[in-house]
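Note sheet for the following structure.
Rule-based calculations on the coordinates, nothing more; no lab input. What you see is a predicted model, and the numbers here were worked out from it, not measured in a lab. Cβ placement follows ideal geometry from the backbone for every residue including glycine, while neighbour counts extend to all protein chains displayed.
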Amino acid sequence: MTSRDMTTLLLEQVQKATAHNMPVTIEGQGSKRFYGHTAAENTACLQISGHSGVIEYEPGELVIRVRAGTPLADVNQLLSSNRQMLAFEPPDFENRSTMGGVIASGLSGPRRPYAGSARDFVLGVRMITGHGEVLEFGGQVMKNVAGYDVSRLVTGSLGTLGLILDVSLKVLPEPEAEVTLGLPIARQELQSRLRSMQDMFPLSAAAHQDGVLYLRLSGSEAAIQSARQKTGGEETDSGFWQKLNTLACFSSAKELWRISVAPASQIFLKEAEVIDWGGGLRWLVDPGFDPREQLAGEDGHATLVKYAEAKLPAGVELFHPLPPHVLNLHQRLKQQFDPAGVFNPGRMYRAF
Amino acid sequence: MDVDRQGFIRELREICGDNIITDRPRLRVYETDGLTAKRQVPWVVVLPSNISEVQQIARLCDSHRVPLVARGAGTGLSGGATPHAEGVLLSLARFNRILSVDSENMLAKVEPGVTNLAISEHVEHLGLYYAPDPSSQIACSIGGNVAENSGGVHCLKYGLTVHNVRKLKLVSPQGDLYEVGSEAFDSAGYDLLAVLHGSEGMLGIVVEVTVKLLAKPEAVCVVMSGFASVESAATAVGDIIATGILPAGLEMMDKPAIQAAEAFVHAGYPTDAEALLLCELDGIEAELQSQLDILQAVLQKNNALDISVAHSDADRARLWMGRKSAFPAVGRLAPDYFCMDGTIPRKQLARVLGEISELSREFGLPVANVFHAGDGNLHPLILYDANLEGDLEKAEQFGAKILELCIEVGGTITGEHGVGLEKIDQMCVQFSPAELAVFHGVKAAFDPNLILNPGKAVPTLHRCAEFGAMHVHAGQDKFPDLERF
Ligand SMILES: Cc1cc2nc3c(=O)[nH]c(=O)nc-3n(C[C@H](O)[C@H](O)[C@H](O)COP(=O)(O)OP(=O)(O)OC[C@H]3O[C@@H](n4cnc5c(N)ncnc54)[C@H](O)[C@@H]3O)c2cc1C
């Protein structure tokens, strides 16, 4: 694994951008270029993939600290060789996601409902804000309430608040054993079936596609055996989760909507191509309508993840529109972190 | 404060009727929180009974630039709820209803004044519970838990408050009502839910909390073991984590704490041990026995003196009782105590404990240690007597030294109790001026007129300059230009 600290160079680049009010697109290896609004033409690209390497990893502390340009695959491999893992199971798009992108997008995989989300495992970040300074928030310890939780605020902010230099993450032991099962189950029975497993501990993923409920059990052999007796079902290819996590199973979709709702919600239960997160995540493929209208009365949100640029109505948001007061808070935070508005402008919402 | 005081109180009365306190004897009830070293009688206390009243009070305070301090149960240990002499203290005591339980989505919606324990009690018949369990859980409010991002003995496995709250309803200082988070597993936009956790009443008033509930584990056991030295107990902690087992709780106490707790609640602790570990395992029946075997082997390898395993509810409760009453138990040893709250990398446990006992000798003040060993979160309890000339100052200096030691070994000045008034000077040591400026920026985004809980949590740069202990990083002052702030 290469290790290189480019902090000084990146700092200079940011300072130049802010001094000239020149917007930049922050990019690792560009595996998530599809996610969020595309940058205006001729926006300069701030490349961070060279800023890479593991800074600190002591398995006994359950903490890893890595530079933003480090490939996710390298981190996964290192952790795995110590029988540990990133429990939020970040998607590795095209096998070239970097840790900076993992944190900036804040995306979590099928394990999310059972283990927690990206931000749940973030312990600290070092970043460059629009003030052109290298700052550190949080740290490498498990509990820390000194100052506002900037590291979690930055997680999922799509690079709009600053450039993430490195991140410290809590890691967890890998389960001793794991098995994926397939159970033929009709969509209408999905929720009651999942409910019956609410207190069955070794569940680490549950999704439904084409009349099959996919379950992943993780834990000790004994725990898995006893759980299997209750669930039934045949062992099936665990590659299912990877395909789902990286959206490879939607490769033919022209328009892909990600709908996040409470697991027991009734919305799009029938229409969803795939339901993940034990019911909480529903994927709509080429629905032919904007699902956000139907979400109005729901506590949830929709993201247009894949789309044909040319067919996008002018001014439409890809992420769920925010209520006025909350949008206002976003704009004020953006103003504080990035007064010149140089970091990924409009990538998340058009207003900032 | 240039306010027509009489007029202002008249307006408050119009908003919340008789639920207002202005007479000194009754105001004194609110003069302190759990940090009793800091006392301040508030100008006025209001106890609104609905959200609309909170909105009107906020608007009134904001328009007159009157400080507004929220208060839950007042059990905070850093002075977060210490009143402001010229401000309104807003008690959420009347917000004490559990609004709904959604067992399908495993969520409960509650008002902020509901106590932590009341939630678990309320859903017990459904086989559910709310995981974070601060030792103050019978008294502290869920609103206060959010504001401090409180932890408990079970957060090693189940996380802090921030990991267990899905959604908040808040009143902004301008009186706007808004929501952050969602009943879904994530929400659109920035993670405001995370920023609000641990924000110590500085960013908004929490008026509703949606918490995540968990199914009670099928099987639980608590293993207690004594050690002949703090070092061997600390090594055992690291070895346990290294096995890949994630205990539900992993707590440690030193000799003074063991003895105090034993004398107080008779938990059956070995009073001759130098250190005690309590390790809780939970999960499914099929898994527990093998984990227990591994755990016992690790303890034996580290020369644990006596190992006992508690399976029944009553036995487990007895063992935890000693740990959970450690603060009041130690409190009986001296007229006053200071509870510190640093977090350090686990591997530094033995070193830091050693230095703390040296400092104890140096300052001539006894110290007892109870801590969340699995998380590296220390709670040294410094014993002193406020009636002895200079004792309080000595205790404060001792505490400050401990916090600086935590920073030195790569840790933080507060793991779960918050900065409040208590640790505000140490913030200058942990953060650079530019980092503090970012905190001030976050504050300004939420509370442009700076009326919420002024003077707490984040020091002004002037204060840091006066304190004279500026953040020093890698041997040099990172940002020497104070000018621009
Ligand atoms: C014996 C004892 C044991 C303790 N054990 C633990 C422990 O194990 N773990 C732990 O983490 N803490 C512990 N604490 C500390 C304390 O109980 C927690 O910090 C608790 O969360 C405070 O809740 P409270 O309702 O008492 O809040 P308060 O003390 O009333 O307030 C604390 C802060 O929250 C703010 N606040 C309160 N309500 C709101 C609201 N609705 N909206 C906005 N801001 C609000 C206040 O302004 C203040 O800044 C302990 C305290 C004691 C006395």
Q. Quick one: of the DSSP bridges fully inside region A:9-107, what percent are antiparallel, nearest 5?
A. 55
Q.
Can you report the principal axis dimensions of chain B using only the alpha carbons, biggest first, rounded to whole angstrom?
A. 69, 54, 45
**Q.** Difference of contour (0.36 nm per residue) and Cα-Cα distance, B:Q174 to B:S308
**A.** 42.6 nm
(Q) Output needed: Cys residues of chain B lacking any neighbouring Cys C-beta below 4.7 Å, sorted by number. (A) B:C16, B:C61, B:C140, B:C155, B:C221, B:C279, B:C339, B:C406
Q: May I ask for the angle, rounded to the nearest 10°, between helix B:255-265 and the longest principal axis of chain B, with both axes built from Cα atoms and the value confined to 0 to 90°?
A: 80
Q.
Between helix A:324-337 and chain A, what is the angle of the helix's C-alpha long axis to the longest principal axis, kept within 0 to 90° and rounded to the nearest 10?
A. 50
Q: Could you work out, residue by residue across A:297-303, how many beta carbons of other chains sit within 10 Å of that residue's beta carbon, and then give the average as an integer?
A: 4
Q: Return the aspartates and glutamates within reach of A:K306: Cα separation strictly under 14 angstrom, same-chain partners fewer than 8 residues apart disregarded; answer none if there are no such residues.
A: A:E255, A:D286, A:D290, A:E317
Q. Between their Cα atoms, which of A:K143/B:K167; A:K243/A:K270; B:K38/B:K456; B:K212/B:K456; A:K170/B:K157 are more than 23 Å away from each other?
A. B:K212/B:K456
(Q) Could you tell me the ratio Rg/Rh of region B:334-422? Both radii from Cα atoms, Rh via Kirkwood. (A) 0.95
Q: Just order B:208-215, B:195-202, B:101-108, A:120-127 by mean Cβ neighbour count inside 10 Å, highest at the front, would you?
A: B:195-202, A:120-127, B:208-215, B:101-108
Q: Using the Kirkwood radius over Cα pairs, work out the Stokes-Einstein diffusion coefficient for region A:3-173 at 10 °C and 1.306 mPa s, in µm²/s as a whole number.
A: 99
Q.
Counting only other chains, and only Cβ atoms inside 10 Å, what mean value do you get across the residues of A:74-87?
A. 0
**Q.** Label-point separation in nm, B:K38 to B:L99, each point 7 Å along Cα→Cβ
**A.** 3.0
Q. What average count of beta carbons from other chains do you get within 10 Å of the Cβ of residues in B:446-452?
A. 1
Q. Quick one: Cα centre-to-centre distance for region B:201-278 and region A:278-330, in angstrom?
A. 44
Q: Work out the charge dipole of region B:98-215 with +1 on the Cβ of Lys and Arg and -1 on the Cβ of Asp and Glu about the Cα centre, then indicate which of B:A139, B:V171, B:I205 is farthest towards its positive end.
A: B:A139
Q. Can you list, bin by bin at 10 Å, the percent of alpha carbon pairs in region B:98-215, starting at 0?
A. 15, 50, 31, 4, 0
(Q) Please list the three semi-axes, largest first and in whole Å, of the ellipsoid equivalent to region B:1-85, using sqrt of 5 times the eigenvalues of its alpha carbon gyration tensor. (A) 22, 14, 12
Q: Post the alpha-carbon centroid distance, region B:351-400 to region A:122-142, in whole angstrom.
A: 30
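Please give me the summed charge of the neighbours of B:E251: other residues whose Cβ is under 11 Å from its Cβ, Lys and Arg +1, Asp and Glu -1. Don't jump to the answer; show the numbers that get you there.
Working: positive: B:R323, B:K324; negative: B:E280, B:D375.
Cβ neighbours under 11 Å give a net charge of 0.
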Q.
Could you tell me the center-to-center distance, by alpha carbons, between region B:437-457 and region B:148-191 in angstrom?
A. 19
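In square nanometres, what is the average projected area of the Cα convex hull of region A:1-86?
On the way: hull surface 27.3 nm².
Projected over every direction and averaged, the Cα hull of region A:1-86 covers 6.8 nm².
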Q: Determine the relative contact order of chain B: mean sequence separation of Cα pairs under 8 Å and six or more apart, normalised by residue count, in whole percent.
A: 14
Q | Helix-only mean residue ellipticity at 222 nm for chain B, each DSSP H run of n ≥ 4 adding -39500 (n - 2.57), per residue, nearest 500 | A | -10500 deg cm²/dmol
Q | Relative contact order (%) - criterion: Cα under 8 Å, at least six apart; region: chain A | A | 18
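Please report the antiparallel percentage of DSSP beta bridges with both residues in chain B, rounded to the nearest 5.
Numbers: 58 of 66 bridges.
Within chain B, antiparallel bridges account for around 90 percent of the total.
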**Q.** Lys, Arg +1 and Asp, Glu -1 on Cβ, resulting dipole of the protein assembly as shown about Cα centre, debye, nearest 20
**A.** 1260
Q) When the helices in chain A are scored as -39500 (n - 2.57) per DSSP H run of 4 or longer and the sum is shared across all residues, what 222 nm value do you end up with, to the nearest 500 deg cm²/dmol? A) -6500 deg cm²/dmol
Q) Where the Cα atoms of the protein assembly as shown are projected onto their three principal axes, how long is each span, largest first, in whole Å? A) 78, 66, 56
Q: Note the angle between two axes, namely the Cα long axis of helix A:221-231 and the longest principal axis of the Cα atoms of chain A, as a number of degrees from 0 to 90, rounded to the nearest 10.
A: 60
Q.
How large is the translational diffusion coefficient of region A:103-177 in µm² per second when you combine the Kirkwood radius over alpha carbon pairs with Stokes-Einstein at 10 °C and 1.306 mPa s?
A. 122
Q: Would you mind ranking B:K401, B:K157 so that the residue whose beta carbon has the fewest other beta carbons within 10 Å leads the list?
A: B:K401, B:K157
Q. Once the dipole of the protein assembly as shown is set up with Lys and Arg at +1 and Asp and Glu at -1 on Cβ about the Cα centre, which of A:L172, B:L349, A:V125 lies farthest towards its positive end?
A. A:V125
